[in-house]
Amino acid sequence: MPTIPSTVSRRLLGRLRDVMAGGGSAQERLDKVVKLIAADMVAEVCSCYVMRAGEVLELFATEGLMKSAVHKTRLRVGEGLVGDIAAHARPLALSDAQSHPNFAFRPETGEEIYRSLVGVPIIRSGRVIGVLVVQNRTSRHYTDEEVETLETVAMVLAELVSGGQLVGRDELQPVDGLALLPLRLDGLRLNPGIGIGVAVLHRPRITIRRLVAEDPDAELERLRVALAGMHSALDELFSASDLSDGGEHRDILETYRMFAEDSGWINRISEAIQTGLTAEAAVQKVHEDTRVRMAQVSDPYIRERLHDLEDLTNRLLQHLAGDGGTAAASDLPEDAVLVCRSMGPTELLDYDRRRLRGLIFEEGSPTMHVSIVARALDIPVVGRVKDVLGKIEPFDPVIVDGDNAQVFIRPSDDIVEAFAESERIRQQRVAAFAALRDVPAVTRDGLAVGLYLNAGLLLDLQNLHHVGADGIGLYRTEIPFMARPELPDVNAQTALYRKIIDQAGGKPVVFRALDVGGDKVLPYWKSSDEDNPALGWRSIRITLDCPAVLRQQLRALLRAHAGRELRVMFPMVAEVAEIDKARAILEMEIEREREKGGKLPSRVAVGTMLEVPALAWQLPALLRRVDFVSIGSNDLAQFLFASDRGNPRLAERYDTLSPAFLSFLKTIVESCGAAGVPISLCGEMAGRPLDAMALIGIGLTSLSMAAPSVGPVKTMLRTLDVGSLKSYLDPLLHLPDHSIRNKLRAFAYDHGIAV
């Protein structure tokens with residue numbers, strides 16, 4: 001029985017490399033490849049089937065079968081032996097193929113004279129894109145080594161098949177069981193708008209440019225060095241974590257480490273190298289094989305381990321290729337749509353936002369900080385799009401429909417035109433909102449409402465005048481801190497704050513003191529791992545424990561506001577004692593500047609964010625110490641409902657338009673009103689017209705939001721009669737309902753309120 005030793009396998013790969021690198025069309029090269037494989041494997045037939053639209057396998061090239069059958073013979077996935085191989089994504093070796101129950105005879109091929117068959121799937125990114133088949137006249141028992149050789153050859157062929165020259169690359173993508181058609185996916189609306197562009201993976205896949213090795217021993221040494229580097233990096237990563245107390249997180253990390261050191265995984269990669277592949281190609285081949293097998297396992301725990309495998313594969317490929325960056329370091333296309341599981345707010349800022357048309361997350365919630373930054377930049381975002389990374393390829397055409405929480409991958413021309421028209425209409429609405437820029441924000445019954453911006457970048461300041469906002473209700477000072485490689489000194493901060501004030505053009509700016517921690521990490525500030533970072537060492541807790549940082553920031557704010565009014569507020573205050581400590585540091589800095597002869601602000605107004613529910617029960621003492629209060633509804637709702645704002649499973653579980661939350665806010669508003677202390681709200685609900693309507697109904701007359709929300713909110717309030725709203729809303733606050741959102745929406749529609 002003929003066998004294929006590894007030296008022959010390497011020889012075959014070497015010849016394939018020459019064919020693949022040679023001239024001619026993709027079809028001509030494929031014709032040469034099947035002829036070469038048939039000769040090297042001592043077979044009368046070698047055929048290559050390629051997946052076409054509708055999960056149909058088409059005969060694209062053959063050596064041994066009738067040439068007239070090429071591009072005419074087609075098999076559905078699951079039909080015949082070729083279809084069976086594609087359906088199960090696994091090899092099939094038969095000494096008597098015609099006796100197999102799945103054998104399907106195609107007379108136009110002339111294959112009735114061939115008795116034995118071995119076939120393997122051609123796989124790319126975990127998907128079957130074709131089938132490679134070898135046949136013999138006699139009854140032949142194909143060895144495991146022959147099957148593995150054919151699998152290795154199929155991996156090389158995958159590059160040719162997926163290159164887009166044989167079949168358009170859009171035909172190689174599966175859609176809900178039907179391959180190759182445009183795909184629509186549903187998700188969660190994180191920011192409205194329409195974005196049309198091409199997909200850019202935030203963490204790009206490593207491109208393997210060299211598949212066939214010339215020196216297997218050298219490749220094995222490269223693998224050894226890369227594994228040692230990866231293990232060393234993992235050891236450093238894990239040792240930096242606080243694992244001394246054990247617990248579930250330690251078990252997870254130790255299991256991951258065991259996976260990384262699994263001898264079976266490493267041995268399979270080594271064996272693939274010995275067949276003639278480069279180290280990178282061998283890692284990718286083993287990953288594809290394992291990925292297909294694990295994806296078919298029904299046990300959810302085992303399937304979840306696929307994420308660990310993908311992470312390890314990417315890490316090892318990065319060590320081999322020396323590439324570990326994100327797509328931000330590459331040249332972005334003019335119309336880029338970022339696709340990722342999730343990202344931090346500073347990672348988004350690494351990208352050229354002028355080229356960003358949309359964001360797609362596999363995870364995500366509306367109050368994640370990256371969502372908030374994207375909203376400020378007016379970038380459409382859809383989150384919780386299940387398995388999108390497995391269904392999209394780099395540079396696929398994509399439409400992000402943030403209004404309806406949908407993503408269209410590889411859309412047809414008519415869909416693109418429909419969305420382009422929709423975007424034109426949206427731009428007309430934006431123009432209509434812009435026409436309201438100089439119109440006062442006053443309700444139909446004469447109530448003036450202050451509309452302010454949330455900002456965090458100098459870029460945001462231009463929106464202040466474009467949308468006609470009354471000022472900056474929240475300037476997030478941490479974003480400049482996060483975007484720098486080191487802690488900015490007093491002079492740098494002073495210059496920045498002065499620019500902000502100057503660009504505000506006399507309109508008020510409220511500076512929030514440094515608010516880091518949780519998912520807002522400073523790259524130069526090492527933080528320890530916490531089980532509950534949102535409830536941990538963050539915001540004012542950090543700055544009071546590290547007063548030098550707070551002193552420098554306050555000093556810079558005082559100098560920047562020389563002769564002008566300074567409005568500063570402190571975040572994440574849980575008790576009055578924290579405000580007292582923060583004010584004491586501020587007073588010390590004021591006295592210090594006075595002694596040095598520096599010019600002080602004309603007035604210093606001190607405020608607090610009300611985000612921690614405990615502070616609401618200390619209002620009498622608090623309101624004697626502050627000049628204003630700003631409700632941070634994002635964190636306040638998170639803490640009140642004990643609901644992690646970054647957890648996608650809880651993103652819609654609780655509604656801020658619940659009687660409980662609105663009643664709580666109304667109590668705070670009434671207490672501030674009685675004490676004569678101005679109060680505003682700067683959370684995400686302020687920028688949603690229906691939510692803003694409810695906030696005005698409970699007595700709030702100052703709202704701060706992202707720039708794109710000012711026009712819609714102003715349009716809403718100019719059609720609102722507050723008196724009738726309050727009469728309708730007050731009884732609803734006593735209901736035990738989960739939400740009164742639908743009732744408020746019905747009221748708006750009945751009264752012609754533009755929400």
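What's the long-distance tail for segment 616-755, i.e. % of Cα pairs beyond 21 Å? Across segment 616-755, Cα pairs with separations above 21 Å total 43 percent.
Cβ crowding within 10 Å, taken as a proxy for footprinting-reagent exposure, orders Phe481, Phe105, Phe408 from fewest neighbours to most as Phe105, Phe408, Phe481.
Ellipsoid semi-axes for segment 703-755, based on the Cα gyration tensor and the rule √(5λ), read 22, 14, 10 Å when sorted largest first. Enclosing the Cα atoms of segment 6-175 in their convex hull gives a volume equal to 101 cubic angstrom per residue.
Using alpha carbons only, the radius of gyration of the chain set against its Kirkwood radius gives Rg/Rh = 1.06.
Axis angle, to the nearest 10 degrees, between helix 144-161 and the longest C-alpha principal axis of the chain: 60 degrees.
With respect to the chain, whose longest principal axis is taken over its alpha-carbon atoms, helix 707-717 is tilted by about 60°.
The smallest convex shape that holds all Cα atoms of segment 23-105, its convex hull, gives 111 Å³ per residue.
Of all DSSP beta bridges confined to segment 471-608, the antiparallel ones make up roughly 10%.
Of the beta bridges in the chain, as assigned by DSSP with both residues counted there, near 55 percent are antiparallel.
One way to sum up the overall shape of segment 471-608 is the equivalent ellipsoid from its Cα gyration tensor, whose semi-axes run 24, 17, 14 Å, largest first. In percent, rounded to a whole number, the relative contact order of the chain is 10, using alpha-carbon pairs under 8 Å and six or more apart. Near the amide H of Ser680, within less than 5 Å, lie the amide hydrogens of Val629, Ser630, Ile631, all on another chain or at least 5 residues away, with H placed in the peptide plane. Computed over the chain, the per-residue total of -39500 (n - 2.57) for DSSP H runs of n ≥ 4 gives a 222 nm mean residue ellipticity of -13500 deg cm²/dmol, rounded to 500.
Taking other C-beta atoms within 10 angstrom as a stand-in for reagent exposure, Ile542, Ile273 fall in the order Ile542, Ile273, fewest first.
Axis angle, to the nearest 10 degrees, between helix 216-239 and the longest C-alpha principal axis of the chain: 30 degrees.
Remark: Leu338, Leu458, Leu600 ranked as Leu458, Leu600, Leu338, counting other beta-carbon atoms within 10 Å and listing the fewest first. Would you mind estimating how fast segment 366-518 diffuses translationally, via Stokes-Einstein at 4 °C and 1.567 mPa s with the Kirkwood radius over Cα pairs, in µm²/s? Value of D from the Cα-based Kirkwood radius: 69 µm²/s. Considering only alpha-carbon pairs that sit under 8 angstrom and 6 or more positions apart, the relative contact order computed for segment 471-608 is 27 percent. Treating each Cα of segment 585-627 as an identical point scatterer and summing with the Debye formula, the log10 of I(q)/I(0) at q = 0.17 Å⁻¹ comes to -0.62. Cross-link partners of Lys499 among lysines, defined as those whose alpha carbon lies under 27 angstrom from its own and excluding same-chain residues fewer than eight positions apart: Lys507, Lys520, Lys596, Lys599. Values of log10 I(q)/I(0) for segment 655-728 across q = 0.14, 0.15, 0.20 Å⁻¹ run -0.42, -0.48, -0.86, by the Debye formula with one identical scatterer at each alpha carbon and no solvent.
Taken together, the values in this text are just the output of simple stated rules run on the coordinates, not laboratory data. Everything numeric here is computed off the predicted structure, so don't read it as measured data. Note that each Cβ is placed from the backbone with ideal geometry, even for glycine, and that neighbours are counted across all protein chains shown.
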